[in-house]
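The values are calculated or read from the model by the stated rules, or taken from the named source; none is laboratory data. This one's a predicted model, so the numbers in the text were calculated from it and none came from an experiment. Every residue, glycine as well, gets a Cβ built from its backbone with ideal geometry; the counts of neighbours run over all protein chains shown.
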């Protein structure tokens, strides 16, 4: 009997772990990690830094918000996920999580993330997070994705907002520096996803999703990818040109930009345009964005005074949550001691 009870408890625990893993999978953790990393960089390069505890809470709230957007996206797209090879193994198509449970989980996660961010930082950051979730779920997933090949172009704004959220967590407003980071991700998104869709055109066509390759064809898609890469590379130089990124970033952006353009040009060459070329561009685009933001994070300490010069809000700043002065929580922008966020 003790053996039977122990076995039953083990099976129950194993089932619970699998259940938790399915709900985590709904949050699109791989996609979420890159978005959260860009938010972390936005938080860290801001001229005012949160105390370690508040910074960690902010990053966790942003992670939960990004995860909530992924859950609600899977809830709505369960029907098309089931007919695409790339997405058929997701929890809802496999019957591991019901659509009703996914909806409840996504809404609870979204509401909790926004509320926690408002309490831990300020209303501006929380409002930006709420708008990001709304834009990704309602504007992109519900409205644009199944109606227009511009779905990725317009919907990409949601994925470009995390650096602005991170900056706002520390400062309570937005500024030129995070807006430039927004532009970089906004221009990066179409070539990144179109490179993926070139390999998956048949799947998107079968699912009825009007991605650019299924509507305009391969030639038009490769030309659009090249155009966006040509806009992305000089835009990526702006943090260095405007003075809120140092020499490390400058070297990285020039090298990576040259590689990205080379891959896009090879994709546009009809003799070389194959699945391998599209996959190489897609893979490198992930590396490109990660390395750019990592280089920006690595070089920002040497140029903190330059960041402060560009930190003037683009609009009247909102009033942050008032907290009694506590030297352990915040430090002036010019303080020589840097308290990391997380």
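This table checks each residue for (1) modelled with pLDDT of 95 or more; (2) in the same structural domain as residue 146 (by TED's automatic domain parsing); (3) farther than 24 Å from residue 179 by Cα.
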| site | (1), (2), (3) |
| --- | --- |
| 46 | no, yes, no |
| 50 | no, yes, no |
| 74 | yes, yes, yes |
| 86 | no, yes, yes |
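Out of the residues in region 155-213 that are closer than 30 Å to residue 88 by Cα and assigned by TED's automatic domain parsing to the domain that holds residue 42, state the one that is surrounded by the most Cβ atoms within 10 Å (Cβ to Cβ). Give the derivation first.
Going through region 155-213, the residues closer than 30 Å to residue 88 by Cα turn out to be 155-162, 185-213.
The next check asks that each one be assigned by TED's automatic domain parsing to the domain that holds residue 42; those that pass are 155-162.
Numbers: 155: 21, 156: 21, 157: 18, 158: 24, 159: 25, 160: 21, 161: 28, 162: 30.
Checking each candidate, the answer is 162.
Could you say which residue among 279, 300 is surrounded by 14 or more Cβ atoms within 10 Å (Cβ to Cβ), farther than 20 Å from residue 162 by Cβ, at pLDDT below 95 and within 21 Å of the chain's Cα centre (by Cα)? Exactly one of 279, 300 is surrounded by 14 or more Cβ atoms within 10 Å (Cβ to Cβ), farther than 20 Å from residue 162 by Cβ, at pLDDT below 95 and within 21 Å of the chain's Cα centre (by Cα), namely 279.
Does any residue of region 84-103 turn out to be outside any loop (DSSP other than H, G, I, E, B) and either in contact with a strand residue (DSSP E or B) (Cβ under 8 Å, 6 or more places away or on another chain) or closer than 30 Å to residue 166 by Cβ (or both)? Yes, that holds for at least one residue.
Number of residues in region 97-122 that are surrounded by 18 or more Cβ atoms within 10 Å (Cβ to Cβ) and more than 13 Å from residue 75 (Cβ to Cβ) equals 8.
If you scan region 55-83, which residues turn out to be under 21 Å from residue 203 (Cα atoms) and assigned to a helix (DSSP H, G or I)? Break it down stepwise before answering.
As a first pass, look at region 55-83 and keep what is under 21 Å from residue 203 (Cα atoms): 70, 73-83.
Scanning region 55-83 gives 70, 73, 74, 75, 76, 78, 79, 80, 81.
Just for region 224-249: of the residues that are farther than 25 Å from residue 194 by Cβ and in contact (Cβ under 8 Å) with a residue 24 or more places away in the chain, which one is surrounded by the fewest Cβ atoms within 10 Å (Cβ to Cβ)?
So the first thing to find is which residues in region 224-249 are farther than 25 Å from residue 194 by Cβ, and the list is 240-249.
When the remaining residues are screened for being in contact (Cβ under 8 Å) with a residue 24 or more places away in the chain, the result is 242-249.
Numbers: 242: 15, 243: 15, 244: 29, 245: 30, 246: 19, 247: 12, 248: 17, 249: 25.
Result: 247.
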